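A quick write-up on the structure given underneath.
Derivation of every value follows stated rules applied to the coordinates shown; laboratory data play no part. As the structure is a computational prediction, the values presented were derived from the model and not from experiment. Ideal geometry is used to build each Cβ from the backbone, glycine not excepted, and the neighbour counts take in all protein chains shown.
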Amino acid sequence: MTTRSFGSGIRRREDPRLITGKAPYTDDIKLPGMVHAAILRSPHAHANIKSIDTSAAASQPGVVAVYTGADTDGVLAGMPCAWLIPGSDLKTPEHPAIAKDRVRYVGDAVAVVVAGTRYEAEDALEHIEVEYETLGVVINPKAAAQPGAAQLHDDVENNIAFTWAVAGGDADAAFAAADVTVSDTITLPRLIANPMEPRSAVASYMAAMGELTLWSTSQNPHIARFLTSVVTGVPEHKIRVIAPEVGGGFGSKIPYYPDEAITAFCAMKLGVPVKWTETRSENYLATTQGRDHVEEVEMAATSDGTITGLRTTVYAGMGAYLSTAAPGVPTILHGLMYSGAYNIPNISGTIYGVFNNGTPVDAYRGAGRPEATTLIERLVDLTAAALDMDPAEFRRKNLIPKFENGHDVATGIIYDSGDYELTLNTCLANADYEGLRAAQAAARAEGRLVGIGMATWVEICGLGPSQVAGAVGFQGGLWESAIVRFHPTGKVNVMVGSSPHGQGEETTFAQIVSEELGVPVEDVEIIHGDTDNTPMGWGTYGSRTTVVSGGAIAFASRKIKEKSKELAAHLLEAAVEDIEYDDGRFFVRGSDDQAKTIQDIALMANVAWSMPEGMEPGLEASAFYDPPNFTYPFGTHLAVVEVNAETGHIDLQNYWAVDDCGVQINPMIVEGQVHGGVVQGVGPALWEGVVYDDNGQPLTGTMQDYALPRADLLPDINVASTTTPSPHHPLGLKGVGEAGTIAATPTVYNAVMDALRPLGVNRVDMPLTPEKVWRAINDAKNGG
Amino acid sequence: MSVPVEITINGRVFSGEVEPRQLLVHFIRENAGLTGTKVGCDTSQCGTCTVQLDGAIAKSCTVLAVQASGSTVNTIEGLSDGVDLHPLQEAFWNKHGLQCGFCTPGMIMASEELLRNNPSPSREEIRHALEGNICRCTGYQNIVSAVEEAAGAMGGS
């Protein structure tokens, strides 16, 4: 009887605790003597702090302590930026956990109150008197980079934190020689990640031992430990970070935040456990946001429909400070992907990372790649239109032909494998593209605004080779490690350093071990999220966990298989070369009735009554997997929309996704990732975007104002896939967490622009709210 | 100033003195120690705090504990003993109707009310019934499928 489940959509092993409400998230943790922190945040987008008076707050009921930035002097180091991109003149101005003399965005921490209850702490915040002197404010990233704009940091001229360039071929020559060029300005709105669980931290410090325990809503507890050590000065081996159940992150729980440092600071000062949990409106101010790009872009092509060049100038808003990974997002994860799924021989891009008076911007699902894919896919549609070619046909002509082991693109990276045309053809067939175009023609004849949009895309995932990480300034490695441990009864624990928080790896990792060693999936338990009982790992982001930790688990399992073979040979009194393995059984070739099961081997290895000469007891292996290259998942998505010309309302009617994430361990989970990713990508196309007024006040301060996708606004998504294994990964995996988000924004945007094309409308800033669309339609009708 | 309250949660009576301003969700989480009900926003948009108050769904972040005094509250923990799952729990599991799990208790409590009132909802009706519950992970599709499956298992079609 086979135990194999690899490749099948088995139900998730983590679900029973979640569907019964039994899973503890950080805010559910209650420690004896625990007190509660609340943080006072700047109401101004830019101001000098003239004075702070905490005396009234300190005498409020239940208040234990009030601290300001001055109290952290010499105790807390500044918040670190950990992606120091080279060759960019990067500036990393000081970012204190609690602002001392100047605040730079609405939400900047100014003081913290610790009290017996959260109600008491929040009450006392209102009694802190702060005198501010307001300063000039700038929000738009392009405007912020101009001379004369309000300056956020005295030593950062024109707010330009870095200037980073990417080039390949000769773009200027390509544009000079082009038959057709198109240009556009694309605005990627500032987005709020919105995991349903707000961030939270619980800190407990045992002064007698110098030990700090931090429960944290982190996607990467080992990085959190590393950076907690840097900021608090507590040595790394005396810090334990636990990410218990984490309720989504989407990148916003990667950074190391002031709030965690402040919570730890309070616990260390007071000697009692301290909990801090953000409210949702606090999340909208203080949790890192995504995108915020102004992209001036152009594409060159020849009259036969061949793309010859791409040029960009991008202003990427960084917010008020550089968050943990921020500089890498609009550069390494963005500019290097400018060739997209196409052969674009000549590429030139300049990216300005610009400080503005907003919440710091960092990785948000897709991180840099949605911003790249959107500009490429929009230019592809515009170029096809300029050449009067069908956008699908134009894509087909320019797609990189099928390749199985390495393809160089002009930006200098090497895609691993791809069959882009297959996903295009599959998607067009699934959607009945010709039928859709015929229906569109009929609708247009009736005066209806029906649009069809698509994107053929490729993403850089499975981050990544540590040597490359170092070369591009990432202040860490990007390998993962795993320990696979067999107990005497043949049951298995796997300890991993990455920390899934909804992606289902407690199931897919068990499926890997099951596949490699023939144990039932239910006999494998995955342990993650606690730095005290897991090996080092760099965390869950960048569609990397299944790929990189999965690689480590596969290699650790294979070490166990090798040891098991040797032990089986010893027990069966045979030569190891004569031992065969099949589905959890080891036997001498030709006599498989005398097999030793992996469970037999686990018992004998653990009791160690009879081991081969020199073999250590136990059945456990650890492996470190540092991927030799990134992975490059790809696909084609297609959407149909209808725009109501009277109201500007957009009806997303149908959506087809064809994804290729390499080999799939659990297709049900893959499909779920695509569903969720697509909906997060639709969000900014149609609804989502942070709005600041001219004073830097966020007008989208709650879920009432920031329009998240809701169940009733969406159609079912038609999901299909192709399988092109990664040639360099032990299991052929590529990763799928971000795919849908990367694809859906340009797909839906292109669909709406296609709907408006008969009116001569070529661009409307995202999100495509009814008002903006209605205005564009009316301007066009009025000859605007 | 404190006010006495007595709330029956999942069949057990919890009584205590609370501040008049204390939210029901905090009473459930702090006083009753039932942390399956979550706090996801401050403005009753997200639905992670959805419970059933005298049988009807309510966002417990927008109800005061004193308002609920004398009432019966059902939370996710009361839906099953955790071993024999409610058909909705089973269906969310079967259909991959959750990822991070944070919205799930509220989603299931809202779905339970839907199926009591409409045992055989269409996908469209399910989507409308759940428009007050936000999920950022699943894109809702598998949640809709799960509610559909549970409807079938519970005798609807």
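A 28 angstrom limit on the alpha carbon distance is what I want to check against. Which of A:Lys100/A:Lys269; A:Lys91/A:Lys142; A:Lys253/A:Lys402; A:Lys22/A:Lys491; A:Lys491/A:Lys563; A:Lys30/A:Lys50 exceed it?
A:Lys253/A:Lys402; A:Lys30/A:Lys50
Per 0.36 nm of contour for each residue apart, how much would the distance between A:Thr185 and A:Lys397 grow if the chain were fully extended, relative to their Cα-Cα spacing?
That pair, A:Thr185 and A:Lys397, stretches by 73.8 nm at full extension.
Just subtract the alpha-carbon distance of A:Lys30 and A:Gln653 from 0.36 nm times their residue separation and send over the number in nm, one decimal.
Additional length available on full extension: 219.7 nm.
What are the residues whose amide H is under 5 Å from the amide H of A:Val663, where those residues sit 5 or more places off or on another chain and H is modelled from the backbone?
So A:Val663 has HN proximity to A:Ser726, A:Leu733, A:Lys734.
Non-local amide H neighbours of A:Thr308 (under 5 Å, H modeled in plane, Pro and chain starts lacking H): which ones?
When sequence neighbours closer than 5 places are left aside, the close amide H contacts are A:Ala300, A:Ala301, A:Thr302.
Checking the a/c ratio against 1.5 first, then a/b against b/c, what shape does the Cα gyration tensor give for segment A:479-625?
Judged from the Cα gyration tensor, segment A:479-625 comes out prolate (a/c at least 1.5, a/b above b/c).
Which of the helices in chain A, when you take each full DSSP H run, stretch at least 15 Å along the axis at their Cα atoms and have an average Kyte-Doolittle score of 0.5 or higher?
Taking the DSSP H segments of chain A (at least 15 Å long, mean hydropathy at least 0.5), we get A:221-232, A:258-270, A:667-686, A:739-756.
Can you list the HN-Hα couplings for segment A:319-335, worked out from phi with the Karplus curve (6.51, -1.76, 1.60; θ = phi - 60°), rounded to whole Hz and with x for Gly and Pro?
x, 7, 9, 7, 6, 3, 10, 3, x, x, 6, x, 10, 4, 7, 10, x
Quick one: compute the contact order of chain A, relative version, from alpha carbon pairs under 8 angstrom and 6+ residues apart, as a percent.
Reported as a whole number, the value is 15 percent.
What shape does the protein assembly as shown have by the C-alpha gyration tensor, where a ≥ b ≥ c are the square roots of the eigenvalues, rounded means a/c under 1.5, and otherwise prolate means a/b greater than b/c and oblate the rest?
Rounded, since a/c falls under 1.5.
Sticking with the crude label model, points 7 Å out along Cα→Cβ, report the distance from A:Val663 to A:Thr163 in nm, one decimal please.
Going by the 7 Å Cα→Cβ label model, 4.7 nm.
When DSSP assigns beta bridges and you keep just the ones with both residues in chain A, what percent turn out antiparallel, to the nearest 5?
Counting only bridges with both partners in chain A, antiparallel ones make up about 80 percent.
Using amide H atoms built 1.01 Å from N in the peptide plane, name the residues 5+ places from A:Tyr342, or on other chains, whose amide H lies under 5 Å from its own.
So A:Tyr342 has HN proximity to A:Ile400.
Against the longest alpha carbon principal axis of chain B, how many degrees, from 0 to 90 and to the nearest 10, is the axis of helix B:104-117 turned?
So the helix axis and the longest Cα principal axis differ by about 70 degrees.
Could you run the Karplus curve 6.51 cos²θ - 1.76 cosθ + 1.60 with θ = phi - 60° over segment A:646-653 and give me ³J(HN,Hα) per residue in whole Hz, x for Gly and Pro?
7, 10, x, 6, 10, 9, 7, 8
Which residues does the label zone of A:Lys491 cover in segment A:603-634, counting backbone N under 19 Å from a point 7 Å along Cα→Cβ?
Label zone hits: A:603-607, A:618-621.
Could you go through segment A:479-488 in sequence order and give the Karplus-derived ³J(HN,Hα) for each residue, using 6.51 cos²θ - 1.76 cosθ + 1.60 with θ = phi - 60°, rounded to whole Hz, and x for Gly and Pro?
For segment A:479-488, the Karplus curve yields 7, 9, 10, 8, 10, 10, 10, 8, 8, x Hz.
For chain A, what does the helix formula give at 222 nm: sum of -39500 (n - 2.57) over DSSP H segments with n ≥ 4, over the residue count, nearest 500 deg cm²/dmol?
Helix contribution divided over all residues of chain A: -8000 deg cm²/dmol.
From the C-alpha coordinates alone, can you work out the Kirkwood hydrodynamic radius of segment A:13-62, in Å?
Computed over Cα pairs of segment A:13-62, the Kirkwood hydrodynamic radius comes out at 15.8 Å.
So if we plug the beta-carbon distance of A:Ala439 and A:Trp609 into 1/(1 + (r/R0)^6) with R0 = 60 Å, what FRET efficiency do we get, rounded to 0.05?
That pair, A:Ala439 with A:Trp609, gives E of 0.20.
Of all GluC sites (Glu not before Pro) in segment A:311-408, which ones are in loop regions per DSSP and have a Cβ with at most 16 other Cβ atoms within 10 Å?
Counting only loop positions with at most 16 other Cβ atoms within 10 Å, the GluC sites (Glu not before Pro) in segment A:311-408 are A:Glu404.
So if we plug the beta-carbon distance of B:Glu19 and A:Ala471 into 1/(1 + (r/R0)^6) with R0 = 56 Å, what FRET efficiency do we get, rounded to 0.05?
In this case the efficiency is close to 0.45.
For the pair A:Leu759 and A:Ala58, what calculated FRET efficiency results from E = 1/(1 + (r/R0)^6), where r is the Cβ-Cβ distance and R0 = 56 Å, to the nearest 0.05?
With R0 = 56 Å, the Cβ-Cβ based efficiency is 0.35.
Taking a ≥ b ≥ c as the square roots of the Cα gyration tensor eigenvalues, with a/c under 1.5 meaning rounded and otherwise prolate when a/b beats b/c, else oblate, which class fits segment B:39-95?
Oblate shape, in that a/c is at least 1.5 and b/c is the bigger or equal ratio.
Compute the distance in nm between two label points, each set 7 Å from the Cα along the Cα-to-Cβ direction, one at A:Asp592 and one at A:Glu580.
Each label point is offset 7 Å from its Cα along the Cβ direction, giving 0.6 nm.
Multiply the residue separation of A:Ser51 and A:Glu404 by 0.36 nm, subtract the distance between their alpha-carbon atoms, and state the gained length in nm to one decimal.
Taking 0.36 nm per residue and subtracting the Cα distance, the gain is 120.7 nm.
Points 7 angstrom from Cα along the Cβ direction at A:Arg17 and A:Thr302: gap in nanometres?
Taking the two extended label points, one gets 6.0 nm.
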